[in-house]
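The next block holds one structure in the form of structure tokens; read it before the comments.
The values are calculated or read from the model by the stated rules, or taken from the named source; none is laboratory data. Being a predicted model, the structure only gives us computed values, none of them experimental. All Cβ positions, glycine included, derive from the backbone under ideal geometry; neighbour counts span all protein chains shown. Heads up: the accessible areas ignore ligands, DNA and RNA and are worked out on the full protein's heavy atoms, side chains in. Shrake-Rupley method; radii C 1.70, N 1.55, O 1.52, S 1.80 Å.
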Amino acid sequence: MPNLLAHETSPYLRQHADNPVDWLPWGEAAFARARTEQKPIFLSIGYSTCHWCHVMAHESFMDANVAALLNGHFIAIKVDREERPDVDRVYMSYVQAITGHGGWPLSAWLTPDLKPFYGGTYFPPEDRHGRPGFPSVLQAIARAWRDGREQLVAEGERMVTLLRERETSRAPAAEAGAGPTDAALLECGSEAFEKAFRYFHETFDREHGGFGGAPKFPRASNLNFLFRCAVLQGPDSPAGAAALEMAVQTLMKMAQGGIHDHVGGGFHRYSVDARWFVPHFEKMLYDQAQIALNALDARLATGDERFAWLARDIFGYVERNLTHPQGGFYSAEDADSPAPSAEPGEAKEAEGAFYLWTQTEIAAAAGTHAPLVCAHFGVKEKGNVPAEADPHGEFTGRNILAQTQALSVTAQAQALTLEAASDRLTAALETLRVNRARRPRPGRDEKIVTAWNGLMISALARGSYVLSADFLAPAIRAAEFIRRELCDPARGVLYRSHCGGRGTVEGFAEDYAFLIQGLLDLYEASFDLRWLQWAEQLQQTMDAAFWDEARGGWFNSAAGDPAIVLRLKEDYDGAEPAASSVGAMNLLRLSAILDPASGGVAWRVRARQALEAFRPQWGQVPQAMPQMLCALELVLGTPRHVVLAGDPASADFRALASVLHEKTGPRRSILAVTSEKDRAWLADRAPWAAEMRPVAGKAAAYVCEEFTCQAPVTAPADLRVLLAQ
């Protein structure tokens, strides 16, 4: 009989509805039961596409004996980390503090008042290699709770106190005008930039790209920082050229590796090896969005069309496989799918089964093009995955497609021109994609997360002016979906997720920060005032709900939830950037547009306070917050603006707008006066721009620095000259 998770909307929670474990969802009903029965809580946190979450579920949570231990001695609670990142961050901080590492599945044991006293990640089903198995851990904790409950309760109190002290050790937020001078902030910011650049330069893998060794993650904020370094130093300077080389080579090696799905497009989560070859096969929306943004930056910085192709490859995958019919974007696709060896009706699944190929399958699907495919992607008769990368033997005899040589080398070996080889390879990959589509697909998490949709809106909006206007429509549809389905207009609040309907959990700081960023990018792509207006409203809501008045920065979660024992602020730009890193940049972008009367200066002060709040982190370990360093660049730079006046549908307006996105350069705010409606709204917020108008019936561009503007220009060539000054 299903447990109570069967009534949840989260796909991850529903995956565990048929476990013999008496799982409960996170909430007061579960907490009350723990208090009433005076049992400790076993908290398991994961997400639907997590491979090791599936492994532990299969090995332990489906086992009747393990279930008996859990049901008899604990209150078992399941949490989807993507649905409740606030819960995940509290207990992940605890596990990282006591073990030195983290990951999912996250396993934590709590007192009935939710304070952690023991934790870890994956536990094997039996004792092995000196590591206790999950049943042994459960039995030991049950005995300790029975015989020494006071010590466990005291440990929970101690750990929460320590975590709270660490959080409150930040310096208090500076009063307006009481923070460091521009000169002092410039000095410490310059040191942080130099230290971060040196770190990436010293850890850069010159053979395979990326930083450090295995495993390798596509941490997009690293590349964002390096692209900005190239702009600040100048791409022809030694430091600028080195920064650009590191970013571009990393992207290129990722695109060539097995972490890239050469057949269906998009990127897997990370690679277990140093050369981006053997991935964990789940695909996350936030990775697709951020890698696409990196590819667009690379295209602008280098002019290399291969990066334009890479961005289109990602957008094509998202359109085909992660797009809701009404416009939002789904969260992820699983790593696991039915194994090729499974009998009909058998539920056995294996990691990567959907993506792997035997040489025979390649030959059957690609036909006469098979030799070209096999040569280019290193396909071997006995498989190409090293045994050390396949501990469970799931990849035996099978191949991961990864480019092993330049296409020119492949073409020469196949006695083809480069153009012919490219055409045949493209046709062969499309044939493989159609063939692969007949296989059972990995599971898809159809949860639509506001934050990750914000990242994807940014990518598509920027893609619309770097690549093609065709990408603007899906960005707009996604923003309209979020506004319609995940926003309460009466209260102005966002909700975290949608899965068959709006979830009950309200949005977190990252949902606001990432969506505001997406809306600002969408405004600069479309010049539709509604997106700027909504961004302004959401920023006000975000500040009211999450801003830390005492120390600056934004808490992950809003105040007032009794189930959150500790409010935290993210201080690491990891797989996703920290909310405060993106939030500071958003404030600076908004403050550059808005007049002091509507919050402009106040928001700039608040952005500086956010940067100051995290200075102990970015000052000492700047590589931990490369995205915040990008915001620091903006607060230290001279405010620059370009105002376009005219009809955005006209050819002359579009010609001027296209100049703004021809290449990377200094940060600048872009504003448009396209109608009397724009003019009326801007009159209260940017009166310096409200009266800018077309010139002699033609769209005009006004280039301003520190609110002092050059004479308007109407010709794209003249605008290029002004932007180059």
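Report the extension gain between Ala97 and Gln533 in nm, rounded to one decimal, defined as 0.36 nm multiplied by the number of residues separating them, less their alpha carbon distance.
152.8 nm
How far apart, in nanometres, would the label points at Glu37 and Ala550 be if each is projected 7 angstrom from Cα along the Cα-to-Cβ direction?
With each label point 7 Å from Cα toward Cβ, the separation is 3.6 nm.
In whole Hz, with x marking every Gly and Pro, tabulate ³J(HN,Hα) for region 281-298 from phi via Karplus 6.51 cos²θ - 1.76 cosθ + 1.60, θ = phi - 60°.
7, 5, 10, 10, 4, 5, 5, 4, 5, 6, 5, 4, 4, 4, 5, 5, 4, 5
In whole angstrom, how far apart do the alpha carbon centroids of region 613-667 and region 406-485 sit?
Cα centroid to Cα centroid, the span is 26 Å.
Classify region 217-299 from the C-alpha gyration tensor, please: rounded if a/c falls under 1.5, else prolate or oblate depending on whether a/b exceeds b/c.
Here region 217-299 falls in the prolate category.
Please list Met246, Met252 in order of solvent-accessible area, largest first, computed with a 1.4 Å probe with all protein chains present.
Met252, Met246
How big is the dipole moment of the chain about its Cα centre under a simple scheme where the beta carbon of each Lys and Arg is +1, that of each Asp and Glu is -1, and everything else is neutral? Debye, nearest 20, please.
200
Under 14 Å from the Cβ of Thr302, count the other residues' Cβ atoms, weight Lys and Arg +1, Asp and Glu -1, and hand me the total.
-3
Tell me, for the chain, which Cys residues have no other cysteine's C-beta sitting closer than 4.7 Å.
Lone cysteines by the Cβ rule: Cys188, Cys229, Cys374, Cys487, Cys499, Cys630.
Before anything else, pin down the relative contact order of region 294-436: Cα pairs under 8 Å, at least 6 apart, normalised by residue count, whole percent.
The normalised contact order for region 294-436 reaches 16 percent.
Could you do me a favour and compute the accessible area per residue for the chain, 1.4 Å probe, result in Å²?
Dividing the accessible area of the chain by its residue count gives 39 Å².
Subtract the Cα-Cα distance of Ala602 and Leu162 from 0.36 nm times their separation in residues, and report this length gain in nm to one decimal.
Contour length minus the Cα-Cα distance gives 155.0 nm.
Positive end of the dipole of the chain, charges at C-beta (+1 Lys, Arg; -1 Asp, Glu), about the Cα centre: which of Leu310, Cys499, Met284 has its Cα farthest in that direction?
The residue sitting most towards the positive pole is Leu310.
Please work out whether region 1-135 counts as rounded, prolate or oblate from its C-alpha gyration tensor, where a ≥ b ≥ c are the square roots of the eigenvalues and a/c under 1.5 means rounded, while otherwise a/b larger than b/c means prolate and anything else oblate?
Rounded.
Using a 1.4 angstrom probe on heavy atoms only, work out the carbon and sulfur share of the accessible area of region 543-612 in %.
That share works out to 55 percent.
Could you sort 411-418, 349-356 so that the peptide with the highest average Cβ count within 10 Å comes first and the rest follow in order?
Per-residue mean Cβ counts within 10 Å order the peptides as 349-356, 411-418.
When the solvent-accessible surface of protein heavy atoms is calculated with a 1.4 angstrom probe, in what order do Arg441, Arg299 fall, highest first?
Arg441, Arg299
What fraction of the DSSP beta bridges in the chain is antiparallel, stated in percent and rounded to the nearest 5?
Antiparallel bridges: around 75 percent, rounded to the nearest 5.
Whenever you get a sec, compute what percent of the accessible area on region 43-180 sits on carbon and sulfur atoms (1.4 Å probe).
Summing carbon and sulfur atoms, their accessible area is 53 percent of the total for region 43-180.
Among the lysines, which fall within straight-line cross-link reach of Lys382, defined as a Cα-Cα distance under 28 Å, with same-chain neighbours fewer than 8 residues apart omitted?
Answer for Lys382, where 28 Å is the Cα cut-off: Lys216, Lys253, Lys283, Lys348, listed by chain and number.
Counting only helical runs of four or more DSSP H residues, what would the 222 nm mean residue ellipticity of the chain come to if each run contributes -39,500 (n - 2.57) and the total is spread over all its residues?
-15500 deg cm²/dmol
So, by mean Cβ neighbours within 10 angstrom, what's the order for 361-374, 673-686, 567-580 with the highest one leading?
567-580, 361-374, 673-686
May I ask you to give the percent of accessible area on region 290-378 that is carbon plus sulfur, with a probe radius of 1.4 Å?
Taking all protein chains in place, region 290-378 shows 51 percent carbon and sulfur surface.
Compute the signed sum of charges (Lys and Arg +1, Asp and Glu -1) over the other residues within less than 13 Å, Cβ to Cβ, of Asp390.
Computed value for this residue: -2.
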